[in-house]
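K.L.:
One structure, pasted below without further comment.
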Amino acid sequence: MHKHKYYSAGFMLLIGVATTLGSLGYGLGSLARMGPGYFPLMLGVLLCLVGILLAVTPDSADEIRADAEREPLRVIVRRRLRPWGATVGSVIAFIFVGKYGGLAPATFVLIFMAALGDPKNSIKASFWLAVGVVAFAIAAFHYGLQLQFPLFTWG
Amino acid sequence: MIDNLILGFQTAFSLHNLMYAFVGVLLGNLIGVLPGIGALAAISMLLPVTYGLDPTGALLMLAGLYYGTSFGGATTSILLNLPGTASHAVVCVDGNPLARQGRGGQAIFMAMFASFIGVCIGIVLMMFFSPLLVNTAFLFGPAEYFALMLMGLLAASTLTSGSPLKGIASVIVGLIFGVVGTDVNTGVARFDFGIPELQDGIALVALAMGLFGITDVLANAANLGEGTLLTKGNFGRQSVRPGKGEIRQAMPSIARGSAIGSVLGILPGAGGTMASFMSYAIEKKASRTPERFGRGAMEGVSGPEAANSSAAITAFIPTLTLGIPGDAVMALMLGALMIHNIAPGPQLMVEYPQLFWGLLVSFWMGNLMLMVLNIPLIGIWVKLLSVPYRLIYPTVLFLIAVGVYSTNNNLFDVSVVLFIGVFGYVAASLGFQPAPLLMGFILGPMMEENFRRALLLSRGDMITFIDRPLSGGFMAVTFLMLATVAYKRLRNRPKPAQEQEALSASSAVK
């Protein structure tokens, strides 16, 4: 089993190939007078080479360890889906509520959603944590640091 | 020379100036513990306040702010794995594991102590060698810069506890991230995917906080509901101060770090960051037990921290004598000077000796004040870790979001931090560590610029990197480092016993 080795090599090849292809569109120029695409092209090709090296050299210690893990990926993902979803979702919510509602509601939504990612946090605890952080945000960031972020806004 | 220093002490210790420095340090410290809000934000906020002061007082206050925020940044890096600035990303690598082992107080103390010693050494070196240092800065053309950065990047790839090849891959990915944005030479927007905000490139704070902060929250998802971040140990009063032996042990690393920092600090641009990464690499090489690095080695905190702060001292040489600010913070300091009608230039040391030396001494003093102020505070910061993690991580997410927003007052950067965080988590779970990536990102644009400039000057002749003595020397060291990595990998197949050891060590940390 060399699963992890090939995953990581593939990951690097993916980025490397994408960079190489992308940089071809920018104009290469010559060594003495490089265009905008020259340096990224070098990096892309280099990363592809490293990716190939990763695939052909023996497994590193962390890959052996990762391959030895008994739990299938599906089980791991299912168990962590809630905290992951809460983390990513709360930040996305912060962006939208921040744009259309202002700092105070955005902070509240972020904390409330993120806290619910942990099954041990009750709705009540999350609510009070969110209220506390909103108060801190208003005091420290809005008044203390004069952050340019309206507390409440519509649209 | 001694006269100068005495003059500096007199200036810095006048009651006024002491007070300005104190105010700066205190405010800086309070602002600095908010992750993402670094020296730059703090100084730009307080710059208008300093207009009314005399120039020395103004600079002293700004220097105090600089140190206060920098130290506050080290605190959050160690405790919460949230680096506000690039140079503290190195401190995260070993400081955060230390904090999780219940030794956070000691790590913070060590960071502070190392930084203090680093400043002392920096000042002494500056006293004796400042004319020499000014000349060194002139020796660096584009070819030398490029070669030095190549060496620095290779050193950064050793920042991982895993495979060095993956470290190199991380550096290259970081360089690629650095390419995003408008090309300086031609004005073409590269890899901007049609998004106007990306034409300015990816914000450094967003990258750093995403790679360390968000990635960390995602990685800890497995431990939710399981109490605090600590894995073992509890805090008593004794846990703040490191043992006597430990300080003695750390001294060589602090000395090496300060030496590297003082030399690299003169180079405008990446001096401090590069110095701290290089120092980490050297400590790892010099250590008899390199496998401890990345899992909580005290030298991994003390060396880079010393390098960082001694570099901050010598960075004043190009700023004040050549008028070349090394980074945005220095540029603001320069601006503060110009508002007071003081033009930076080679004459500055002669014309305003009390300002020049007073500033240096105030750096030293700012550090001393920090120690005095913070020794009682460390205990409180460390108590943070005993708060259940289920209450900490939403707050951390909020601090990341607001900190990133505050750098450009732009919600787009918050979405960048989220994207980078998810990317960093996928990369980290495949064994690609964030620290080398960050280093590649920081040095990338400067490296490209110097690479292109060097080849422009040599009319496309690659030999220029080898036949110039300094750059050739850097290239030789780089090549040697690569050769040792390759040799070790070929000779040293992982043995089962070593794996077992690595396995138990890593599970102890997690």
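K.L.:
Look at B:Gly421 and say whether it is crowded, with 19+ Cβ neighbours inside 10 Å and small (Gly, Ala, Ser).
P.N.:
So B:Gly421 fits the description; yes.
K.L.:
So, one more: In the range A:83-102, how many are more than 8 Å from chain B (Cβ to nearest Cβ) and either closer than 12 Å to B:Ala401 by Cβ or over 16 Å from the mean Cα position of the chain (by Cα) (or both)?
P.N.:
Qualifying residue count, the range A:83-102: 6.
K.L.:
Which of the residues that make up the range A:5-20 are more than 7 Å from chain B (Cβ to nearest Cβ) and open to solvent by less than 50 Å² (accessible area, probe 1.4 Å)?
P.N.:
A:Lys5, A:Ala9, A:Gly10, A:Gly16, A:Thr20
K.L.:
Let me ask something else about it. Any idea which residue in the range B:4-25 is modelled with the lowest pLDDT, counting only those that are surrounded by 17 or more Cβ atoms within 10 Å (Cβ to Cβ) and among the hydroxyl-bearing types (Ser, Thr, Tyr)?
P.N.:
B:Thr11
K.L.:
A follow-up question, please. When you scan the range B:47-60, how many residues do you find that are buried (at least 21 other Cβ atoms within 10 Å of the Cβ) and aliphatic (A, V, I, L, M)?
P.N.:
Residues flagged as buried (at least 21 other Cβ atoms within 10 Å of the Cβ) and aliphatic (A, V, I, L, M) within the range B:47-60 amount to 3.
K.L.:
Let me ask you something else. Conditions: (1) modelled with pLDDT of 75 or more; (2) closer than 19 Å to B:Gly73 by Cα. B:Arg292 meets all but one. Number of the miss?
P.N.:
All conditions pass for B:Arg292, except number (2).
K.L.:
Any residue at all in the range B:97-105 that's under 16 Å from the mean Cα position of the chain (by Cα) and closer than 22 Å to B:Ser253 by Cα?
P.N.:
No, that holds for no residue.
K.L.:
Of all residues in the range A:101-155, which are among the charged types (D, E, K, R) and touching a residue at least 12 places away in the same chain (Cβ under 8 Å)?
P.N.:
Hit for the range A:101-155 is A:Asp118, nothing else.
K.L.:
Hey, does the range A:97-118 have a residue that's of a type in the set (Gly, Ala, Ser) and open to solvent by 20 Å² or more (accessible area, probe 1.4 Å)?
P.N.:
no
K.L.:
From (1) in contact with a His (Cβ under 9 Å, 6 or more places away or on another chain); (2) closer than 24 Å to B:Ala41 by Cα, pick out the condition that doesn't hold for B:Gly95.
P.N.:
The number of the failed condition is (2).
K.L.:
What about B:Ile317, is it in contact with a Leu (Cβ under 9 Å, 6 or more places away or on another chain) and open to solvent by less than 10 Å² (accessible area, probe 1.4 Å)?
P.N.:
Taking the combined requirement at face value, the residue satisfies it.
K.L.:
Still on this structure, please answer the following. Taking the range A:119-131 as the region of interest, how many residues are touching a Phe, Trp or Tyr at 6+ places or on another chain (Cβ under 9 Å) and either open to solvent by less than 20 Å² (accessible area, probe 1.4 Å) or at the interface with chain B (Cβ under 10 Å from one of its Cβ atoms) (or both)?
P.N.:
3
K.L.:
Let me ask you something else. May I ask you to list the residues in the range B:80-107 that are under 16 Å from B:Gly210 (Cβ atoms), at pLDDT below 80 and part of a helix (DSSP H, G or I)?
P.N.:
Within the range B:80-107, B:Ala86, B:His88, B:Ala89 qualify.
K.L.:
Now, a different point. Failed condition for B:Gly366, given (1) of a type in the set (Gly, Ala, Ser); (2) touching a Ser or Thr at 6+ places or on another chain (Cβ under 8 Å); (3) farther than 30 Å from B:Val171 by Cα, with all others met?
P.N.:
Every listed condition holds for B:Gly366 apart from (2).
K.L.:
Here's another thing I want to ask about it. Just checking, does the range B:412-423 include any residue being among the polar types (S, T, N, Q) and modelled with pLDDT of 85 or more?
P.N.:
Yes, the range B:412-423 contains a residue that is among the polar types (S, T, N, Q) and modelled with pLDDT of 85 or more.
K.L.:
For the range A:35-56, how many residues meet the condition of being facing another protein chain (nearest Cβ under 7 Å) and open to solvent by 30 Å² or more (accessible area, probe 1.4 Å)?
P.N.:
Matching residues across the range A:35-56 total 2.
K.L.:
Could you say which residue among B:Leu443, B:Leu438, B:Leu456, B:Leu482 is open to solvent by 10 Å² or more (accessible area, probe 1.4 Å), within 28 Å of the chain's Cα centre (by Cα) and either away from chain A (no Cβ under 14 Å) or not polar (S, T, N, Q) (or both)?
P.N.:
B:Leu482
K.L.:
Now, a different point. I need every pair where a residue in the range B:387-408 that is crowded, with 24+ Cβ neighbours inside 10 Å has its Cβ under 6 Å from the Cβ of a residue that is assigned to a helix (DSSP H, G or I) and acidic (Asp, Glu), sequence separation at least 6 or different chains.
P.N.:
Note: pairs meeting the criteria are B:Val404/B:Asp413.
K.L.:
Also, quick follow-up: I want to confirm something. Restricting to the range A:21-34 and keeping residues that are facing chain B (nearest Cβ under 7 Å) and open to solvent by less than 40 Å² (accessible area, probe 1.4 Å), which single residue is farthest from the chain's Cα centre (by Cα)?
P.N.:
Among those residues, the one meeting the criterion is A:Ala32.
K.L.:
Checking the structure you have, find out if any residue of the range A:70-83 is out of contact with any His (no Cβ under 6 Å at 6 or more places or on another chain) and over 24 Å from B:Gly421 (Cβ atoms).
P.N.:
Yes - at least one qualifying residue is present in the range A:70-83.
The values are calculated or read from the model by the stated rules, or taken from the named source; none is laboratory data. Keep in mind it's a predicted model, so treat the numbers as computed, not measured. Reconstructed Cβ throughout: ideal geometry from the backbone, glycine too, with neighbour counts over all protein chains shown. Just so you know, the surface numbers come from the protein's heavy atoms only, side chains and all, with ligands and any DNA or RNA stripped out. Shrake-Rupley method; radii C 1.70, N 1.55, O 1.52, S 1.80 Å.
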